[in-house]
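What follows is a single structure, written as structure tokens, with notes after it.
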Amino acid sequence: MGQNNSEPIAIPDRVAGCALTNPSSGRHGSLQYVNPACFINAVAPNQAFFSTAQPLGCDTTTIPIPAGASPLTCFNLLGNLGRNTVIGPGLFNLDYSMVKNNKVPKISENFAVQFRVEFFNVLNHANFAPPNVNNLSPFDGNGNPVPGFGQLTATQTPERQIQFALKITW
């Protein structure tokens with residue numbers, strides 16, 4: 001999750017009804033694919049659970065609760081965010097090639113010239129790579145939001161490329 005072993009693993013709670021991804025990411029300038037507003041630090045279900053002594057209750061001695069967080073924030077509690085809940089951006093790629101074979105009998109009965117054009121990513125669709133693996137946790141070890149969490153920073157396919165070839169056989 002992009003954290004070292006000395007920090008607690010923070011599986012956050014999901015905010016109910018919030019869209020985890022921004023569907024327009026990258027198409028209109030915003031590269032924030034994962035919506036950080038949909039994640040909060042894990043919260044204890046009630047005050048009794050929060051106040052129960054360790055190891056069953058919340059550990060309130062090691063990390064102070066960040067400003068603006070719920071007073072029942074519990075860092076040693078696993079949140080309700082399910083496995084494989086956030087899925088990365090899709091991939092769409094279309095390649096195309098054209099070939100024209102020309103026999104030239106004036107030179108030889110086997111002589112031929114082949115002209116080939118190949119288009120890679122012919123529609124020039126931007127295929128964004130999943131968010132950076134070092135920014136997969138919305139909160140750091142202290143429960144503070146990680147800047148850049150869920151941002152798209154690279155593409156996984158190149159832009160449109162065109163290749164021409166001329167092949168002579170005899």
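For this structure, a couple of remarks:
- Scoring VAL113 on the criteria (1) under 24 Å from CYS18 (Cα atoms); (2) in contact (Cβ under 8 Å) with a residue 24 or more places away in the chain leaves a single failure, condition (1).
- Filtered residue count, segment 155-170, keeping only those that are over 30 Å from PRO105 (Cβ atoms) and either touching a Pro at 6+ places or on another chain (Cβ under 9 Å) or of a type in the set (Val, Ile, Thr) (or both): 4
- Any chance PHE49 is surrounded by 14 or more Cβ atoms within 10 Å (Cβ to Cβ) and part of a helix (DSSP H, G or I): yes
- Scanning segment 113-127 for residues that are surrounded by 15 or more Cβ atoms within 10 Å (Cβ to Cβ) and under 30 Å from ILE168 (Cβ atoms) gives VAL113, GLU118, PHE119, PHE120, ASN121, VAL122.
- For segment 151-170, residues that are surrounded by 13 or more Cβ atoms within 10 Å (Cβ to Cβ) and touching a Ser or Thr at 6+ places or on another chain (Cβ under 8 Å) total 1.
- Residue count for segment 147-170, restricted to those that are touching a residue at least 60 places away in the same chain (Cβ under 8 Å) and part of a loop (DSSP other than H, G, I, E, B): 7
- Scanning segment 59-81 for residues that are surrounded by 15 or more Cβ atoms within 10 Å (Cβ to Cβ), among the hydrophobic types (A, V, I, L, M, F, W, C) and without any contact (Cβ under 8 Å) to a residue 60 or more places away in the chain yields LEU72, CYS74, LEU77.
- Pairs linking a residue in segment 89-104 that is over 16 Å from ILE168 (Cα atoms) to a residue that is outside any strand (DSSP E or B), with Cβ atoms under 6 Å and 6 or more positions apart or on different chains, are LEU91/ASN127; PHE92/HIS125; ASN93/ASN121; ASN93/THR157; LEU94/VAL122; LEU94/LEU123; TYR96/VAL122.
- Taking the criterion of being surrounded by 15 or more Cβ atoms within 10 Å (Cβ to Cβ) and either modelled with pLDDT under 75 or among the hydrophobic types (A, V, I, L, M, F, W, C) (or both), the residues of segment 130-139 that qualify are ASN132, ASN135, LEU136, SER137, PHE139.
- Within segment 22-57, tally of residues that are at pLDDT 80 or above and more than 16 Å from SER137 (Cβ to Cβ): 10
- Here segment 72-105 is the region considered, the condition is being in a loop (DSSP other than H, G, I, E, B) and aromatic (Phe, Trp, Tyr), and the residue that is modelled with the highest pLDDT is PHE92.
- Summed over segment 82-112, the residues that are loosely packed, with under 13 Cβ neighbours inside 10 Å and under 30 Å from the mean Cα position of the chain (by Cα) give a count of 11.
The values are calculated or read from the model by the stated rules, or taken from the named source; none is laboratory data. The structure presented is a predicted model; accordingly, all values stated were derived computationally and were not measured. Don't worry about glycine lacking a Cβ; one is built from the backbone with ideal geometry, like all the others, and counts go over all protein chains shown.
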